[in-house]
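First comes the structure, then the notes that go with it.
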Amino acid sequence: MSRKVPEERYRKTFSYQFKAWLEGTKDPFLGRVEMRRQEAPPESKEEKERRERDEEALKARVYDLEHNFEMRIFNRLYRVFSILFCIFLVVMLLAAVSDLPAFGRGENPVNNEVAQRYIEEGLEETGAVNIVTGMILDYRAFDTLGESHVLFIATCTVLILLRRDGEEEQREGRDNDRLYEPKDDVILQTAARVLVPPILLFGIYIILAGHLGPGGGFSGGAVIGAGLILYLNAFGFAKTERFFTARTYRRTSFCALACYSLAKSYSFYTGANHIESVIPLGTPGAILSSGLILVLNICVGVVVAGTMYTFYVMFRKGGY
Amino acid sequence: MAFVQNFPFMSILLSLFSGPLCSVLDGKWARRVNTAVIAVIGIMSAFVLKHVSAGQPYVYRMGHFSAPWGNEIRVGTLEAFMACFFCAVMLLCMLGGIRERAAQIEEGKQNLYYVMVNLLLCSLLALIYTNDLFTAYVFVEINTISACGLIMIRQTGRTFEAATRYMIMSLLGSGLLLLGICHLYAVTGHLLMSNIKEQVQVITATGRYHISLMVALGLMSVGLAIKSALYPFHAWLPDAYGYSTLSSSAILSSLVSKGYIFLLIKIFYRVVGIQAVRESKVVNVLFVFGIAGMIMGSLSAIKEENLKRMIAYSSVAQIGYIYMGLGLATDAGAIASLYHVLSHAATKSLLFVAAAGLAQASGGSDRYGDITGAGFRNRLAGVAFTVGSLSMVGMPVFSGFISKLLFARAAVGHAHKMLPTVIALAVSTILNAVYFMKTVIRIYTIRPVEPGREGENPGSGGTGRQSRGGIGAVSAIEVAEAEILPKETGRTVRLLEEPAKAAALVCFILLNLILGLNSDPIVRLIQGGIEMFE
Amino acid sequence: MTIFTCILLGFLVVCAIAASLSKKLLNTILIFMSYSLVMSIIWVLLKSPDLAITEAAVGAGVTTVLFLVTLKKIDAIIKKESAQEETDEQEGA
Amino acid sequence: MHWEYLLNNYEEAVAMILFGIGFSNLLLQKNLIKKIIGLNIMDTAVYLFLALKGYISGRKAPVVVDGVTRAEAYINPIPSGLVLTGIVVSVSVTALMLSLTIRLYRRYHTLDLDEITTRLKREGK
């Protein structure tokens, strides 16, 4: 026996909305998603004329190869030489490759005592089950220290280029960012609600299990950064700026890098001076094992996640 | 192990740590930290130099694992001396450009500049000391990125264009360098320089993998040559040096490319072995392009109207000298190149700082027409510029003379390369004299009264302002800017108006004189250092 | 397995050439994204799971996102009506 | 020189061809975005080459399983570590290049570096 439902209440039910959407009579999301008009900011007539005239004049200068003899010769020569150089390079490289030891053999020169020791004693000496992690964070830690500073310095250059400092500039950046950009997109928000928590959890898992299996600070940090970017896209800057601003980034990345440098200075110093390190290696396979590697992975993860997120924000808006 | 032996490792870590530290400080404190760090590292390197020159070179392992398993740094007299010298030059460059930095860098981004400088210093130290090729690659990248930051921190369209060109060229170079390292790793199975050298000797004895070895050597040399702006790859250099802020131009021209050159010398001596290098054809390529750079760089400099750009083109020529010396592939050639690295670093930064002083006395413009008589208006800068020019031309008493002498001496007795080297030296000296003496005469000429010139604008100096309109808007703003600029085309700059710059200039002149008059111990030191490489 | 590797390697070359020849920038970037994905599969085949995770997260993920934001930034600014042909050639998207 | 040995190393040969493609893109493309794509292709080609050098057929990934620590059980871990470092470097460089592109476009409304240079020359006069 079916009960009669009043018309208004029926209209609010999901099934009715779904049916309406299916038949195409009504878009349930219409009016709930805010969207800027998709057109460029207005431009006064003279400005436009002047711009066009300038561009035409410039195009005529740049691409007028008929009259610009020098340029034509230079362009041709440049192209010919570049192509010749590339072909020469590839041929030379192929020759070198044909001379290299054959692919995939165990007795090649690269598989020497160094790799052997990493595999055979790595577990004992570093405590990491994942030999690659043990290698990059313990045996060859100096490279990795440099590498995380490459990321840091790249963020600094991006900040120099894209950060907008003044009030006026920031407003301009915000306006520019809102062009073509839907706000409160329901589909995206629902998807993000479902996806973001598992993505972040997965990233944390990759970081924490870096010494136990494939993964590590860098890949985990990138996954977390991607999760944050998705969250930002769905919910907008107002939400993310409550917990993540430029200040947070500066402080966390400074703390993480300082912690990394200090930890590595300690181990370099003790190593070079033949002092026994006091940090226990723990049982291989346990989560709290392999000495400093877990700490270092967390530091790298924090830096990388912040960096990826900062790249994205700087590209979009130029400040947060 | 003596405590002094920890100093190289400490200086690398200290400069590395000070990078992130400066990012959380404000501009003023970042500057203090930066100055302190450079000074402390310079002093530490001096102690290391004292320690090493008394004893043997030593290897310092980074971590608990020795030779082929862990990272290492290696310290000899040459490394310690280079570190000390680079710190001194960098400190002076930073001192000389304080006023320009304050004017040309946005207030909120001052501290980022010091981040760049600290990490640049760190990468230079690591390139000097490292004993591991892959570490060298990582720090080469840090060097590249921080140099790019130094170029574009003064935000104008020209610096962005220059930075983009610089990055493209550098990335080509790093790609080739990394590929070369990979090839070398594929045939030797090691990444540490000393182990690679052992393996290379074994391989050469058996005669296997000859092509791969040569290709690897070629890739690494060409990659590093591209990165240090050897002649046909120099297109980014004039803009990058000419339009960036003063400290940046001075540091870029005197230090950044020198780090790569030092790495290349290390690869020649400590990785492949100078014997194998001499037998390969790669050095001939470097030799030919070096000579081409010497001539073409000077020719472009003669045509140039802008003082800073002229000095930048002269850098192309000087890099040519260095590669010509390396192309000789003899110990004497390498010594001459290393000496020229020192002399060029001391002289070129002196010239840049002096040129800024001259421009300051000419209404901020460094165009040729405007600096007439500037030597009278800013006396110290005039004297400094003259000293730098004479040194570049190769006048006795100054450092440039010694390096030219060493180049000539290295060429004498070389089977095929003697004649081209000597001719190139002679031609390039004449060309150098043409454009440097032209400038010196110009700055000591009293300006004739030109009624026509009064109305013109004195060039687009001053702070390059960023604008966001179309091109029309850009040109409109630049015209407006030129109108706002004071019409004064010259004013007298007193000696103590900027004590830091004056001190930097005096120190640079002294450094030049020391290198010129007291060259014997330094040459002996370099020679000893190269012998220690073996 | 060898055949599979061959196919993937061939796909890499095709992707690289297509990315450099394609007229529209958006296409270039999407092709580059698939290039990265294939690269991460190759790394699984080469027994380097660490690299596969990293490449999938960075090469196919974050780098592509950065490229796309850049595209948006350089298109969001005023379109040129007068020189539509060049615009199409240069900008795509 | 024995070109027939190339067949032993066809994977490496593909990596080298990719390197060539990336290199020529970086050198020849006019469009900055495509130059950056070329840079990325070039970098990944080098990493592919390096990773191929570490592979040994029939062995497992370098994660210790069941306490087996014989060198014959696993592939060479060194190249993986180096490539991991390299990928970080290339993503930083890519971000830097892209932000330079944005700034250049914001000011000059073009992605062609030669055009920008010509414009700069004209502005300088």
Scan of the stretch A:202-253 for residues that are of a type in the set (Ser, Thr, Tyr) and closer than 24 Å to residue D:60 by Cα, ordered by number: A:205, A:219
Cβ-Cβ under 7 Å pairs, at least 6 apart or on other chains, the stretch A:87-104 side more than 13 Å from residue B:187 (Cβ to Cβ), far side of a type in the set (Ser, Thr, Tyr) and not in a helix (DSSP H, G or I): A:104/D:55; A:104/D:57
The stretch B:44-70, subset within 7 Å of chain A (Cβ to nearest Cβ) and touching a Gly at 6+ places or on another chain (Cβ under 7 Å), residue farthest from residue B:135 (Cα to Cα): B:64
Every residue from the stretch A:212-232 that is of a type outside the set (A, V, I, L, M, F, W, C) and farther than 16 Å from residue C:52 by Cα: A:225, A:227, A:231
Verdict on residue B:217 being hydrophobic (A, V, I, L, M, F, W, C), surrounded by 24 or more Cβ atoms within 10 Å (Cβ to Cβ) and either more than 9 Å from every other protein chain (Cβ to nearest Cβ) or not in a helix (DSSP H, G or I) (or both): yes
Any hit, the stretch B:75-95, residues being in contact with a helix residue (DSSP H, G or I) (Cβ under 8 Å, 6 or more places away or on another chain) and without any contact (Cβ under 8 Å) to a residue 12 or more places away in the chain: no
Count of the stretch B:127-163 residues which are touching a residue at least 60 places away in the same chain (Cβ under 8 Å) and within 7 Å of chain A (Cβ to nearest Cβ): 3
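Can we say residue B:180 is of a type in the set (Gly, Ala, Ser), modelled with pLDDT of 90 or more and within 24 Å of residue A:93 (Cα to Cα)?
yes
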Any chance residue D:111 is out of contact with any strand residue (DSSP E or B) (no Cβ under 7 Å at 6 or more places or on another chain) and more than 7 Å from chain A (Cβ to nearest Cβ): no
Sole residue being within 14 Å of chain B (Cβ to nearest Cβ) and buried (at least 19 other Cβ atoms within 10 Å of the Cβ), chosen from A:248, A:307: A:307
Residue under evaluation residue A:293, criteria (1) touching a residue at least 40 places away in the same chain (Cβ under 8 Å); (2) crowded, with 19+ Cβ neighbours inside 10 Å; (3) within 23 Å of residue A:208 (Cα to Cα); (4) within 19 Å of the chain's Cα centre (by Cα), criterion not met: (4)
Restricting the stretch D:40-69 to residues that are surrounded by fewer than 24 Cβ atoms within 10 Å (Cβ to Cβ) and within 7 Å of chain A (Cβ to nearest Cβ), the residue that is nearest to residue B:183 (Cα to Cα): D:52
Residues within the stretch B:71-103 that are buried (at least 22 other Cβ atoms within 10 Å of the Cβ) and within 14 Å of chain A (Cβ to nearest Cβ), tallied: 5
Which numbered condition residue A:313 misses (of (1) over 30 Å from residue C:44 (Cβ atoms); (2) in contact with a Leu (Cβ under 6 Å, 6 or more places away or on another chain); (3) within 11 Å of chain C (Cβ to nearest Cβ); (4) not in a loop (DSSP other than H, G, I, E, B)): (2)
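Yes or no, residue by residue, for (1) at pLDDT 80 or above; (2) in a helix (DSSP H, G or I); (3) out of contact with any Leu (no Cβ under 9 Å at 6 or more places or on another chain):
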| position | (1), (2), (3) |
| --- | --- |
| B:473 | no, yes, yes |
| B:486 | no, no, yes |
| B:490 | no, no, yes |
| B:495 | no, no, no |
| B:503 | yes, yes, no |
| B:506 | yes, yes, no |
| B:525 | yes, yes, no |
Helices (runs of 4 or more DSSP H) (entirely within chain C) containing at least 3 residues that are closer than 24 Å to residue A:312 by Cβ, facing another protein chain (nearest Cβ under 7 Å) and modelled with pLDDT of 85 or more: C:25-45, C:49-57, C:63-76
Some residue of the stretch A:264-272 being over 20 Å from residue A:158 (Cβ atoms), within 11 Å of chain B (Cβ to nearest Cβ) and aliphatic (A, V, I, L, M): yes
Long-range neighbours under 8 Å by Cβ, at least six apart or interchain, first residue farther than 15 Å from residue A:138 by Cβ and assigned by TED's automatic domain parsing to the domain that holds residue A:134 within the stretch A:105-119, second in a helix (DSSP H, G or I) and modelled with pLDDT under 80: none
Complete set of residues in the stretch D:70-87 that are among the β-branched types (Val, Ile, Thr) and either touching a Lys or Arg at 6+ places or on another chain (Cβ under 8 Å) or more than 7 Å from every other protein chain (Cβ to nearest Cβ) (or both): D:75
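The values are calculated or read from the model by the stated rules, or taken from the named source; none is laboratory data. It should be emphasised that the depicted structure is a prediction, and the values quoted were computed from it without experimental measurement. When we count neighbours, we look across all protein chains shown, and the Cβ atoms used for this are built from the backbone with ideal geometry, even at glycine.
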